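Inspection log for the structure reproduced underneath, given as structure tokens.
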Amino acid sequence: MKLYPNCKINIGLRVVRKREDGYHDLETIFYPVYGLHDELLVDRSEDFSFIQEGLVVDCSPADNLIYKTYARMRERYPQIGNVKITFKKNIPFGAGLGGGSSDAAHMAIALNEIFALGLTREQLAQEVSPLGADCPFFVYNSPCYAEGIGDKLIPINLDLTGLRLLMIKPKCGVSTKEAYGGIVPKGCSDLFRVIQDRTELFLVASNDFEDTVFSAHPELAEIKQRLLDAGAVYAAMSGSGSTIFGLFQSDSEGTTDTNLRLLDEEFASMIIFNDTLGKA
């Protein structure tokens, strides 16, 4: 069974409060980007094997979320047998795109299908929730407003179809620990209230991690400003970084196309996605 674990972007990310358990409550919008994805092939096998290709992942196979998902679910569901896993990493890690969480969710989906576990999407979301706060989102894989630590999901009707998405991943990575290091919770935002009005949403939505991360990595702030200068209707850091993305509206004069070509030349080695979004 072959699956294509995709990434996501965050439209707004508000850090609301620090919880007693040390985690933070958030408000954000998860939006799936199907065009940038890993590749995951899972088949029944007499012996277990895990082959990893593509981008080098900064962890051992045993610490990979794909393997952790398999180990966790095999312990809980004895009907799960040995599998051969072939995994190609295309989504950069340390990028704020949720690649590892998506891999975990899609691994759970594969095991559910291959071994006929009969789990609903809600049950699958519960299975992967302990592996990462945004893992449940990738089980549903459609636009969602998220609260809690990112695990309380409300499906929303947000359509970015037709907008051009440009994603830039600089060489620097940002760890979650680094992003949270200087964060100051700001309380609730208006994000949920403005979801239905895309123009107002783009005015209201901001990422609280930018203050901390941009201070440590000023080149990220410069990239965001270049995207806005080039005509992006919205630009932000995704998640805790370090990917910066811009959304562009087409125009009859071709200005957007010209600006995107210039950005292509300027950031050629850093661009990881540049395409028009389809229906999510």
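The values are calculated or read from the model by the stated rules, or taken from the named source; none is laboratory data. Model, not experiment: these values are computed from the prediction. In this analysis, Cβ positions are derived from the backbone assuming ideal geometry, glycine residues included, and neighbour counts consider all displayed protein chains.
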**Request:** Read through the list (1) part of a helix (DSSP H, G or I); (2) exposed (fewer than 15 other Cβ atoms within 10 Å of the Cβ), then give the number of the only condition that Arg72 fails.
**Result:** (2)
**Request:** Considering only the stretch 75-100, state which residues are within 29 Å of Tyr180 (Cα to Cα) and loosely packed, with under 14 Cβ neighbours inside 10 Å.
**Result:** none
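Conditions tested, residue by residue: (1) within 16 Å of Asn10 (Cα to Cα); (2) of a type outside the set (Phe, Trp, Tyr); (3) surrounded by fewer than 17 Cβ atoms within 10 Å (Cβ to Cβ); (4) at pLDDT 90 or above.
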residue: Lys152; (1), (2), (3), (4): yes, yes, yes, yes
residue: Leu166; (1), (2), (3), (4): yes, yes, no, yes
residue: Gly181; (1), (2), (3), (4): no, yes, yes, no
residue: Val184; (1), (2), (3), (4): no, yes, yes, no
residue: Ser189; (1), (2), (3), (4): yes, yes, no, no
residue: Arg193; (1), (2), (3), (4): no, yes, yes, yes
residue: Asp197; (1), (2), (3), (4): no, yes, yes, yes
residue: Phe209; (1), (2), (3), (4): yes, no, no, yes
